[in-house]
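Below is one structure, written out as structure tokens; the observations come after it.
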Amino acid sequence: MKKLIAANWKMNGQADWSDKPAQLSTILDGTIPKTAQVLICPPSVYLTQIADNAHKYGMNAGAQNCHSAESGAFTGEISAQMAADCHADYVICGHSERRAMFGDTDAVVQAKATSVIQSAMVAIICVGETLEQRESGAANSTVEAQLRASIPEASTALNTVIAYEPVWAIGTGKTATLDDIEKMHAHIRSVYHDMFGARSAKDLCIQYGGSVKPSNAKDILSTKGVDGALVGGASLKMEDFAKIILAA
Ligand code: 13P
């Protein structure tokens, strides 16, 4: 399986960042390594431009969020189909920042992911424990509960990616140990196995996210059960993001 290396730009960027896929391609000498699949998730107002440019250079694009409804009185929101209309291939659902700041409960995340799948895109469903939960020994049970309540019934390994992002590792410079990452990815795969069967679990892409950077990407990406990375801060500089892609 190719490693899915995804940039989550969060609320960063501006109109002239539409040339970032071209910049990234130049740094990579025009070739994406065969072992990597590259995904860029910009703010949704820039999605069409970034998606069209990403596709030109053999990359994918995604939205960072969507609403679960098809349309309606939801000021400021976009539907999954609108993201698809902007040529998105993926939508991130239930990022911990959305869970913590914007009321994305497991049920909301599940509804969003369902609409992403219905719009023929891939849902990247984010899960992860807080530091308090890890320190109290509740990391596995927290993540398991999130998985069971956030993954839609229609999930398959083709339409779903799971991103394991320990909340305490996001934007802090701290990463989980390789041992903790390996154990949690195995746990996620076994929960998914229990929910959807062996074949789906084997093919499921599970990304790690949380302070992934050029200096730790190789170790993280070669950890057993890690099928990709969801990168925040280090995805804003194409030189750094390219190094992470090359680490795959
Ligand atoms: P950082 O890479 O900045 O820690 O962010 C991780 C993240 O939240 C990606 O979705």
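The values are calculated or read from the model by the stated rules, or taken from the named source; none is laboratory data. Computed from a prediction, not measured in an experiment: that's the story for all the values here. Note that each Cβ is placed from the backbone with ideal geometry, even for glycine, and that neighbours are counted across all protein chains shown. SASA here: full protein model, heavy atoms, side chains in, ligands and nucleic acids out. Shrake-Rupley method; radii C 1.70, N 1.55, O 1.52, S 1.80 Å.
Summarise the accessible area of the chain (1.4 Å probe, protein heavy atoms) by the percent that is carbon and sulfur.
53 percent
Test of the criteria: in region 1-105, which trypsin sites (Lys or Arg not before Pro) are in a DSSP loop and have at most 13 other Cβ atoms within 10 angstrom of their Cβ? Mind dumping the intermediate values first?
On the way: sites: LYS2, LYS3, LYS10, LYS34, LYS56, ARG98, ARG99; in loops: LYS2, LYS10, LYS34.
Within region 1-105, the qualifying trypsin sites (Lys or Arg not before Pro) (loop, at most 13 other Cβ atoms within 10 Å) are LYS34.
Rg to Rh for region 140-239: what is it, with Cα atoms only and Rh by Kirkwood? Display every interim value, and only then the final one.
Values: Rg = 13.5 Å, Rh = 13.9 Å.
Answer for region 140-239: 0.97.
For region 105-179, state what percent of all Cα-Cα pairs lands in each successive 5 Å bin, counting from 0 Å until the bin that includes the largest distance.
3, 16, 24, 21, 15, 13, 7, 1
List the aspartates and glutamates whose Cα lies under 12 Å from the Cα of LYS56, skipping any in the same chain that are fewer than 8 positions away.
Straight-line reach from LYS56, under 12 Å: ASP19.
Within region 34-102, list the GluC sites (Glu not before Pro) lying in a DSSP loop whose Cβ has at most 14 other Cβ atoms in a 10 Å radius. Mind dumping the intermediate values first?
Numbers: sites: GLU70, GLU77, GLU97; in loops: GLU70, GLU77.
The qualifying sites are GLU70.
What residues of region 183-221 lie in the reach of a label at GLU135, counting those whose backbone N is under 15 Å from a point 7 Å from the Cα along Cα→Cβ?
Backbone N within reach: none found.
Loop-only chymotrypsin sites (Phe, Trp or Tyr not before Pro) in region 34-77, please: DSSP not H, G, I, E or B, and at most 15 other Cβ atoms within 10 Å. Mind showing how you got there, number by number?
Working: sites: TYR46, TYR57, PHE74; in loops: TYR57, PHE74.
For chymotrypsin sites (Phe, Trp or Tyr not before Pro) across region 34-77 that sit outside H, G, I, E and B with at most 15 neighbouring Cβ atoms in 10 Å, the list reads PHE74.
For each pair in LYS34/LYS112; LYS20/LYS218; LYS202/LYS237, compute the distance between the two Cα atoms and list the pairs where it is over 29 Å. Can you show the working numbers first?
Details: LYS34/LYS112 31 Å; LYS20/LYS218 23 Å; LYS202/LYS237 33 Å.
Check vs 29 Å cut-off fails for LYS34/LYS112; LYS202/LYS237.
Using only the alpha carbons, work out the radius of gyration and Dmax of the chain in angstrom.
Expressed in Å, the Cα Rg and Dmax of the chain come to 16.6, 47.
From the phi angles alone, apply the Karplus equation (6.51, -1.76, 1.60; θ = phi - 60°) to region 60-77 and give each ³J(HN,Hα) in whole Hz, x where the residue is Gly or Pro.
Those phi angles translate into 10, 9, x, 8, 8, 5, 7, 8, 7, 7, 6, 6, x, 7, 10, 3, x, 9 Hz.
In a shell of Cβ-Cβ distance under 12 Å around ASP19, excluding ASP19 itself, what net charge do Lys and Arg (+1) and Asp and Glu (-1) give? Write out the running numbers ahead of the final one.
On the way: positive: LYS20, LYS56; negative: ASP16, ASP52.
Around ASP19, the surrounding residues sum to 0.
Can you give the extra length, in nm with one decimal, that the chain gains between ASP29 and GLU70 once fully stretched, where that is 0.36 nm per residue apart less the Cα-Cα distance? List each step's numbers first, then the result.
Numbers: separation 41, 0.36 × 41 = 14.76 nm, distance 4.06 nm.
Residue separation times 0.36 nm, minus the Cα-Cα distance, leaves 10.7 nm.
Please report, largest first and rounded to whole Å, the three semi-axes of the ellipsoid equivalent to region 1-125, where each semi-axis is the square root of five times an eigenvalue of the C-alpha gyration tensor. Each step should come with its number before you reach the end.
Working: eigenvalues 131, 45, 34 Å².
That gives 26, 15, 13 Å for the three semi-axes.
Show me, for region 6-16, the HN-Hα J-couplings you get by feeding each phi into the Karplus relation (A = 6.51, B = -1.76, C = 1.60, θ = phi - 60°), rounded to Hz, glycine and proline as x.
Values per residue, Gly and Pro as x: 10, 9, 9, 6, 6, 8, 10, x, 8, 4, 6 Hz.
In the chain, which helices (entire DSSP H runs) extend 15 Å or more along their own long axis, judged by Cα positions, while averaging at least 0.0 on the Kyte-Doolittle scale?
Values: long enough: 106-118 (18 Å, 0.51); 139-150 (16 Å, -0.33); 178-196 (26 Å, -0.46).
Taking the DSSP H segments of the chain (at least 15 Å long, mean hydropathy at least 0.0), we get 106-118.
Computed FRET efficiency, Cβ-Cβ of MET11 and ALA198, R0 45 Å: what is it to the nearest 0.05? Could you put the intermediate results ahead of the total?
Values: r = 39 Å, r/R0 = 0.88.
Efficiency, rounded to the nearest 0.05: 0.70.
Report the one residue of ALA138, ALA83, THR31 whose Cα lies farthest in the direction of the positive end of the charge dipole of region 1-145 (charges on C-beta: Lys and Arg +1, Asp and Glu -1; origin at the Cα centre).
THR31
Hey, what's the chain come to in accessible area per residue, 1.4 Å probe, Å²?
Details: 10990 Å² over 248 residues.
In whole numbers, the chain has 44 Å² accessible per residue.
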